[in-house]
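Participant: Structure provided below as structure tokens; questions to follow.
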Amino acid sequence: MSEHIEAATAELRPLLEDFILWAPEHAPGGDPTLVGPAVLWHRLVASDDVGRWTRDQLRAVLLEQVPQVVEHRAAAEGMLPALGAYLRFLDATGRLSPGSDPLEALLAELDALEDDFLAAVDAAAPGRGAGADEDEDGYDDEDAGEAGEADDDVGDDDLGEAGSGLGDFEPFADEIAELPAIRLRSDAELAEAARRAPLIAQARDLALWVGTGRKLGEKTLLSDDELADAMRTLGLADPKRLWNLWNLAVDLEFLVPEGEDAVSAGSDVADWPFDDDDDTLDVWMAGLRSIDYGDPELDDEDLTVALSGLTRALLIRLLLAGGSRALPGLRDELGAAAAECDDLGLDAWAAAGDPLAPVLSWLTGYGMVTVEGDPEEGTVTLTPLGTEGLVHLLEDEDIEVDARPAVDVMSALDLLVCSADLPEEEADREFAAWLALRSPAEAAAELLSAAAVDESDALVRVQAASLVGTLGEAAVPAWREALARPSLRPYAVTHLAQLGAEGAPRPTRADTHWLILDMWTIAHELGRTEFLSSLHDIGPVPALLGLLDTIWKVRHPHLERLLEAIAATHENPRVVKAARRALVRARAGE
């Protein structure tokens, strides 16, 4: 099977290279690399013609073959839109062969297959891994892994799914959930670190070397002479490194397709590093999955596959160790993990010489780790940028991770948002640490300003008012300023009255009604039971009827939604009728 995979990979390589360059402009938002397993299996078992696709082939490939090589639910969900984009690419470039079903029919079949495909992926998950039995077609799981993770000249993840096996995060989910809060640095600090990432500068230089409208070859992207010139320009000795940089430049959109057979440098490539922090971090995040290019690439494809995911495996172990590990122990642990994940792991580890050398080279080049001391005996440490990136990778795979801004860079809004998900005692500790860095008067002003940013966020508003309420007299100036903000005035007049502030206005019926609507809003977001309980808290039915007769006058951002919910959920017909009448009056703006 291995030789068939190698032949199919070689045949598909130019086509997939063109697709990856085509996709950012014509199918933005997806990950074109996820199409690899489906395209490879189509060629292996469904059609000798890579351009001929039928609905029956789609069904066979997606339901019988691909589920065996897709490890992550997120990758499975992303594969169908990627495959749809690939089919549109074939059609748009004249590569959809005669005898194929119409594009519209193929795309409709993809939509129809979605539930069955995801169910097949979920069903296949327990049977994966080293030592699994051969399937009914005679292909064992090792062969399936080769098909799903086949290597090519432009990066490991063009045909396969990165991060499986050795680099799978899921087995560490429980340990990650038990970690103390992971503290993240400010965007300004992270952006400054991203600007210094050498790999992004090299990707920029490669894109500038490419220039405008450089024609691509049919067999390889660059001719031998072009490849040699590019390597001289960038000071590289290894062609594999150049192709990884080429992939990174595509990921960063430093290289963009120009028609069907050419590529150009992006319009703003020469401006890197960018001045704007948000733009800088957007670029860095766009290339985050390039960490998989750090995995060792060996002459033997099977050995390369055995070490696939090594970069991720190193990162997750650094996180679990608090951010830093001595290299000797880490190297031994990763070697053992490689042997456990793949029968060829030990052979691959030995053949690689120092398997961590390319891993550390790429991660330091992308600004994610530092290495102190001897490369063999020293210590490797996650940088703030590396921690930020790893948290994003974990969240992308729906792995729970407690990540918060560091207290010294935490804004008032950050505090309010993260505290909403914390137990009361922990939220109190977070507030105390944040408050220790500013005066009570400053804290009050910051919290109330944050609460006014989004008038529709009742929970943040209630949290802010509760925290500021603990600050006593020091908060009076901030409460007085809040009187001018409609969403905060009800809280301000209430607290100023409680504090006996001189000249404080008295709460009005409208103020009280606003507070009730905020309470209902929060309860409604918690669910039907909590919402009904909040309605019953008003008192007997006559009290609720009286309230509905006047509360519609309050211009609360959630008024209409809440009245609709009362009409839909309350068990008393009189209340339902009153809610509907109030809704009509609110919409009419009487």
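Participant: Surrounded by fewer than 18 Cβ atoms within 10 Å (Cβ to Cβ) and of a type in the set (S, T, N, Q): is that true of residue 383 in this structure?
Facilitator: The answer is no for residue 383.
Participant: Let me ask something additional. Go through the residues of the stretch 169-180 one by one and say whether even a single one is among the small types (Gly, Ala, Ser), over 30 Å from residue 87 (Cβ atoms) and either open to solvent by less than 10 Å² (accessible area, probe 1.4 Å) or at pLDDT 50 or above (or both).
Facilitator: Yes, the stretch 169-180 contains a residue that is among the small types (Gly, Ala, Ser), over 30 Å from residue 87 (Cβ atoms) and either open to solvent by less than 10 Å² (accessible area, probe 1.4 Å) or at pLDDT 50 or above (or both).
Participant: Quick one: in the stretch 192-221, which of the residues that are modelled with pLDDT under 95 and touching a helix residue (DSSP H, G or I) at 6+ places or on another chain (Cβ under 7 Å) is farthest from residue 258 (Cα to Cα)?
Facilitator: Restricting to residues being modelled with pLDDT under 95 and touching a helix residue (DSSP H, G or I) at 6+ places or on another chain (Cβ under 7 Å), the top hit is 219.
Participant: Sticking with this one: With the structure loaded, tell me whether residue 369 is surrounded by 22 or more Cβ atoms within 10 Å (Cβ to Cβ), within 30 Å of residue 29 (Cα to Cα) and more than 24 Å from the chain's Cα centre (by Cα) or whether it fails that test.
Facilitator: Spelling it out, it is not the case that residue 369 is surrounded by 22 or more Cβ atoms within 10 Å (Cβ to Cβ), within 30 Å of residue 29 (Cα to Cα) and more than 24 Å from the chain's Cα centre (by Cα).
Participant: (1) open to solvent by 20 Å² or more (accessible area, probe 1.4 Å); (2) of a type outside the set (A, V, I, L, M, F, W, C); (3) in contact with an Asp or Glu (Cβ under 9 Å, 6 or more places away or on another chain); (4) touching a residue at least 60 places away in the same chain (Cβ under 8 Å): which one isn't true of residue 404, the others all being true?
Facilitator: It is condition (1) that residue 404 fails.
Participant: While we're here: Inside the stretch 28-49, can you point out the residues that are among the β-branched types (Val, Ile, Thr) and open to solvent by 10 Å² or more (accessible area, probe 1.4 Å)?
Facilitator: Matches in the stretch 28-49: 33, 45.
Participant: Does residue 423 satisfy the criteria of being in contact (Cβ under 8 Å) with a residue 24 or more places away in the chain, of a type outside the set (Ser, Thr, Tyr) and open to solvent by 40 Å² or more (accessible area, probe 1.4 Å)?
Facilitator: Considered against the rule, which asks whether it is in contact (Cβ under 8 Å) with a residue 24 or more places away in the chain, of a type outside the set (Ser, Thr, Tyr) and open to solvent by 40 Å² or more (accessible area, probe 1.4 Å), residue 423 comes out as no.
Participant: Moving on to the next point. Only residues that are under 14 Å from residue 205 (Cα atoms) and of a type outside the set (A, V, I, L, M): list them for the stretch 216-240, please.
Facilitator: Residues satisfying the conditions are 229, 232, 233, 235.
Participant: If you go through the stretch 439-452, how many residues are over 15 Å from residue 492 (Cα atoms) and either open to solvent by 50 Å² or more (accessible area, probe 1.4 Å) or part of a helix (DSSP H, G or I) (or both)?
Facilitator: Adding up the residues that qualify gives 3.
Participant: Also, quick follow-up: Within the group 94, 78, which residue is outside any helix (DSSP H, G or I) and modelled with pLDDT under 90?
Facilitator: That would be 94, the only listed residue that is outside any helix (DSSP H, G or I) and modelled with pLDDT under 90.
Participant: Filtering the stretch 62-75 down to residues that are open to solvent by less than 20 Å² (accessible area, probe 1.4 Å) and modelled with pLDDT under 90, which residue is farthest from the chain's Cα centre (by Cα)?
Facilitator: Once the filter is applied, the top-ranked residue is 65.
Participant: Quick one: which of 53, 22 is modelled with pLDDT of 90 or more and aromatic (Phe, Trp, Tyr)?
Facilitator: Going through 53, 22 in turn, just one is modelled with pLDDT of 90 or more and aromatic (Phe, Trp, Tyr): 53.
Participant: Pull up the stretch 476-498, narrow it to residues that are open to solvent by less than 70 Å² (accessible area, probe 1.4 Å) and small (Gly, Ala, Ser), then point me to the one that is nearest to residue 432 (Cα to Cα).
Facilitator: 478
Participant: Restricting to the stretch 267-288, what's the tally of residues that are under 18 Å from residue 247 (Cβ atoms) and surrounded by 20 or more Cβ atoms within 10 Å (Cβ to Cβ)?
Facilitator: Matching residues across the stretch 267-288 total 5.
Participant: Separate question: Considering the stretch 538-558 alone, what residues qualify as being assigned to a loop (DSSP other than H, G, I, E, B) and under 45 Å from the mean Cα position of the chain (by Cα)?
Facilitator: Within the stretch 538-558, 538, 552, 553, 554, 555, 556, 557, 558 meet the criteria.
Participant: Still on this model: Looking at 525, 473, which one is at pLDDT 95 or above and surrounded by fewer than 16 Cβ atoms within 10 Å (Cβ to Cβ)?
Facilitator: 473
Participant: Separate question: For the stretch 559-590, which residues satisfy the criterion of being in a loop (DSSP other than H, G, I, E, B) and among the acidic types (Asp, Glu)?
Facilitator: Selection gives 571, 590.
Participant: If you don't mind, there's one more thing I want to ask. Filter the stretch 236-266 down to the residues that are open to solvent by less than 70 Å² (accessible area, probe 1.4 Å) and on the phi > 0 side of the Ramachandran plot and list them by number.
Facilitator: 259
Participant: What's the number of the only condition in (1) open to solvent by less than 50 Å² (accessible area, probe 1.4 Å); (2) under 23 Å from residue 494 (Cα atoms); (3) under 29 Å from the mean Cα position of the chain (by Cα) that residue 455 fails to meet?
Facilitator: (1)
Participant: I would also like to ask the following. Residue 34 fails exactly one of the following numbered conditions: (1) part of a helix (DSSP H, G or I); (2) among the aliphatic types (A, V, I, L, M); (3) farther than 30 Å from residue 222 by Cα. What is the number of that condition?
Facilitator: Failed condition: (3).
Participant: Anything in the stretch 104-126 that is without any contact (Cβ under 8 Å) to a residue 40 or more places away in the chain, among the small types (Gly, Ala, Ser) and open to solvent by 60 Å² or more (accessible area, probe 1.4 Å)? List them, or say none.
Facilitator: Answer for the stretch 104-126, where residues must be without any contact (Cβ under 8 Å) to a residue 40 or more places away in the chain, among the small types (Gly, Ala, Ser) and open to solvent by 60 Å² or more (accessible area, probe 1.4 Å): just 112.
Participant: Out of the residues in the stretch 76-103 that are under 30 Å from residue 397 (Cβ atoms) and among the small types (Gly, Ala, Ser), state the one that is surrounded by the fewest Cβ atoms within 10 Å (Cβ to Cβ).
Facilitator: Looking at the filtered set, the residue picked out is 84.
The values are calculated or read from the model by the stated rules, or taken from the named source; none is laboratory data. Because the structure is predicted, anything quoted here is derived from the model rather than measured. All Cβ positions, even for glycine, are placed from backbone atoms using ideal geometry, and neighbour counts span all protein chains on display. Just so you know, the surface numbers come from the protein's heavy atoms only, side chains and all, with ligands and any DNA or RNA stripped out. Shrake-Rupley method; radii C 1.70, N 1.55, O 1.52, S 1.80 Å.
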